[in-house]
Amino acid sequence: RLVAYRNALTSLEGLGGLSRLSYLDAGRNQIERAEGLGDLRHLETLILYHNRLAAPGRDPLVLLKQLWLNSNAIPGALPPLPYSPCLQVLKLSDNEISSLPPMHTLFNLDTLDLSFNRLPDLPSLAPLRPCKAVERLAANDNPCAELPGYRPLLAALLPLLADLDTAPLPPAERDSLRAGHLASDPLLAPAVLRLAPHTWGGRLVAPHSGRVHWRGAEWLADAAAWARAGQGGGLRHEAAGLRHAVAVQCRRRQQLASRHKKEEHAARKAAAGAPGGAGHDKVLGLQEQHARQVGEMLEAHRRAHV
């Protein structure tokens, strides 16, 4: 553990020999580059807030769990983050960030602070989509936070979100925002509302209200989020592809249901002349087999498209 807080440091070079270091606090210094940390293979916490960094370091830190880069001078497009698949806490507040890099490796991230930056619009939030484990997000005091659809989009992108902009987000409110985002999407909503009664046993849409029930198909909400954030780019094409997948899955479900209905009808007809309850047991066994087949098909489809 090394605490070098407020020491007028200008560089992190010379730490290579501390190979077992797990905690480094170099906050409130004058460091301009976060380089020379590649040999710190056991580093779990790196605190570099209130420095003069223009970019995060490039050295992979595979065990890193916390990275504090808040209150630096990171301008414009945030450069790619170091490879840190174990990262759980990332603090980037109070910089001048206007766009985010791909975040496909941050699948364990649960706390992200982007507040007091310059993210301009809803599409600038699209890179957050792979961060499915995020529970706490702060993006307040960005231009995008003042736009309509900001909260519903984040609820759709981050299915576990429980705290947004330092305020609790109850599960019921998050689910409502997510479902509302999907229902209002101009690309997907008509197709989803039309196909949903035939998909997953009708659990996507409440018959009395037409409201989308997102729990039955999370990937549909993800597609809607991509469509909303993409605004005509590649994300929209992916959303359209998922919409097509819904139609294909719906047809397969209907074909399977039709075949099952014929088989069960033939089994009941044969059971009518069977002695005792043997025929009835055969019908029940066939129904259970059909239910398993439907469940396996739907689960395979979800795994392919979530």
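The values are calculated or read from the model by the stated rules, or taken from the named source; none is laboratory data. Please read all numbers here as calculations on a predicted model, not as lab measurements. No Cβ is skipped: glycine too gets one built from the backbone with ideal geometry, and neighbour counts run over all protein chains shown. Areas reflect the complete protein model, heavy atoms only, side chains present, ligands, DNA and RNA absent. Shrake-Rupley method; radii C 1.70, N 1.55, O 1.52, S 1.80 Å.
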Checklist line | Selection count, segment 130-181, where residues are basic (K, R) and open to solvent by 40 Å² or more (accessible area, probe 1.4 Å) | finding: 3
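Mind checking whether some residue in segment 117-124 is of a type in the set (K, R), open to solvent by 20 Å² or more (accessible area, probe 1.4 Å), under 15 Å from the mean Cα position of the chain (by Cα) and over 27 Å from D39 (Cβ atoms)? First the steps, then the outcome.
Going residue by residue through segment 117-124, those that are of a type in the set (K, R) are 118.
Next, from what is left, pick out any that are open to solvent by 20 Å² or more (accessible area, probe 1.4 Å): 118.
Then keep just the ones that are under 15 Å from the mean Cα position of the chain (by Cα); that gives none.
For segment 117-124, residues of a type in the set (K, R), open to solvent by 20 Å² or more (accessible area, probe 1.4 Å), under 15 Å from the mean Cα position of the chain (by Cα) and over 27 Å from D39 (Cβ atoms): absent.
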Checklist line | Total residues in segment 250-285, condition among the aliphatic types (A, V, I, L, M), modelled with pLDDT under 70 and not in a helix (DSSP H, G or I) | finding: 1
Notebook entry, point to check: Name the residues in segment 131-148 that are within 17 Å of the chain's Cα centre (by Cα) and either at pLDDT below 90 or not charged (D, E, K, R) (or both), would you?
Noted result: C131, K132, A133, V134, L137, A138, A139
Next item on the list: Report the residue count in segment 97-124 for those that are in a strand (DSSP E or B), closer than 20 Å to E135 by Cβ and not β-branched (V, I, T).
Entry: 2
